[in-house]
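> Structure provided below as C-alpha cells; questions to follow.
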Amino acid sequence: MSAQHEKLRMMLTAALFAAIIGIFAQITIPLPLVPITGQTLAIGLAATILGSRYGALSALLYMLIGAVGLPVFSGMSGGMGIIFGPTGGYIISFILSAFFIGWYIEKTKPAVFHAFIANIIGMIINLAFGTVWLKIFAQLGWAEAFAAGFAPFIIGGIIKALLASWIGIQVRKRLTSARLLPQSVRNHTA
C-alpha cells in the first residue's frame with residue numbers, strides 16, 4: 001500500500017476514534033463540578049493503539065467537533081462555552097495526554113506494562129492540567145480545585161489506565177498482524 005493510502009487510512013481511523021471518544025463521553029457519573037466520564041478511557045485506547053501522532057489527532061478532532069457545537073462532550077453538550085468553561089482544561093489536555101501516551105509506548109515497547117505506565121502518566125497530565133484550569137475558571141482555591149478536579153478521579157483513572165493498556169495492546173497486536181497499522185507504528189510493536 002502506498003504511503004499516501006496509508007496516511008489517509010490512518011487519518012480516517014483517527015476520525016473514527018474521535019467519534020469513539022464522543023460516544024464514551026456519554027458514559028457519565030455526575031459529580032458537582034466535573035463528571036466522571038469514559039472519555040479518558042477512549043483517549044488511552046486511541047493513543048495506545050494509534051501512537052502519538054494519530055492518537056493526538058483523534059483527541060484534537062474530538063475537541064474541534066465539540067467546539068463547533070456538535071454534542072460530543074459529556075452530557076451531550078458542545079460549543080466553545082464548554083472549552084472555555086471550568087471543564088475545558090480536561091478536554092484540551094486530552095491532546096497532550098494522547099500524544100504523551102503514544103510517544104512513551106513508541107519509545108519503550110508496546111507491552112501492557114509500558115502502556116499502563118504511559119496511561120497513568122497521561123492521566124496525571126490530564127488531571128493536573130484540568131485541575132489548574134478548573135481553579136482558574138471556577139475561581140476556586142487550590143484545595144477546593146484538587147478536591148473537585150483531581151482526587152475523585154484517581155481510582156477510576158487507574159482502572160481506566162489498566163483497561164486502556166490491556167485492551168489497547170491486544171487490539172494493537174491484532175491490527176499489526178493484519179498489517180492495518182502504518183509501518184511507523186508497526187515498527188514499534190513487539
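Values quoted throughout were computed directly from the atomic coordinates according to the rules given, and no laboratory measurement underlies them. Keep in mind it's a predicted model, so treat the numbers as computed, not measured. Virtual Cβ from ideal backbone geometry, glycine too; neighbours counted across all protein chains shown.
> Among the residues of the range 19-45, which ones are assigned to a helix (DSSP H, G or I) and of a type in the set (Val, Ile, Thr)? Walk me through how you get there before you give the answer.
As a first pass, look at the range 19-45 and keep what is assigned to a helix (DSSP H, G or I): 19-24, 39-45.
Those that are assigned to a helix (DSSP H, G or I) and of a type in the set (Val, Ile, Thr): ILE20, ILE21, ILE23, THR40, ILE43.
Listed here are the residues, each with its yes/no results for (1) without any contact (Cβ under 8 Å) to a residue 40 or more places away in the chain; (2) under 20 Å from PRO30 (Cα atoms).
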{"site": "LEU134", "(1), (2)": "no, yes"}
{"site": "PHE137", "(1), (2)": "no, yes"}
{"site": "ALA147", "(1), (2)": "yes, yes"}
{"site": "ILE154", "(1), (2)": "yes, yes"}
{"site": "SER165", "(1), (2)": "no, no"}
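> Scan TRP103, TRP133 and give me the residue that is within 26 Å of ILE92 (Cα to Cα), over 14 Å from the mean Cα position of the chain (by Cα) and among the aromatic types (Phe, Trp, Tyr). Spell out the reasoning first.
Numbers: TRP103 fails: over 14 Å from the mean Cα position of the chain (by Cα).
After applying the criteria, what remains is TRP133.
> Would you pick out the residues in the range 167-182 that are in a helix (DSSP H, G or I) and either over 10 Å from PRO110 (Cβ atoms) or free of Cβ contacts under 8 Å to residues at least 12 places away in the same chain (or both)?
Going through the range 167-182, the residues in a helix (DSSP H, G or I) turn out to be 167-177.
Scanning the range 167-182 gives ILE167, GLN170, VAL171, ARG174, LEU175, SER177.
> Return the residues of the range 46-81 that are surrounded by 17 or more Cβ atoms within 10 Å (Cβ to Cβ) and either outside any helix (DSSP H, G or I) or aromatic (Phe, Trp, Tyr) (or both); say none if nothing qualifies. Spell out how you get there, then give the answer.
Taking the range 46-81 as the starting set, the residues that turn out to be surrounded by 17 or more Cβ atoms within 10 Å (Cβ to Cβ) are 46-63, 65-67, 72-74, 78.
Residues satisfying the conditions are TYR54, TYR62, VAL72, PHE73, SER74, GLY78.
> Just to check your reading of the model, which residue among PHE94, PHE84 is farther than 15 Å from GLN39 by Cα and in contact with a helix residue (DSSP H, G or I) (Cβ under 9 Å, 6 or more places away or on another chain)?
Values: PHE94 fails: farther than 15 Å from GLN39 by Cα.
Result: PHE84 is the single residue among PHE94, PHE84 that is farther than 15 Å from GLN39 by Cα and in contact with a helix residue (DSSP H, G or I) (Cβ under 9 Å, 6 or more places away or on another chain).
> Go through the residues of the range 78-100 one by one and say whether even a single one is over 19 Å from GLN26 (Cα atoms), of a type outside the set (Asp, Glu) and without any contact (Cβ under 8 Å) to a residue 12 or more places away in the chain.
no
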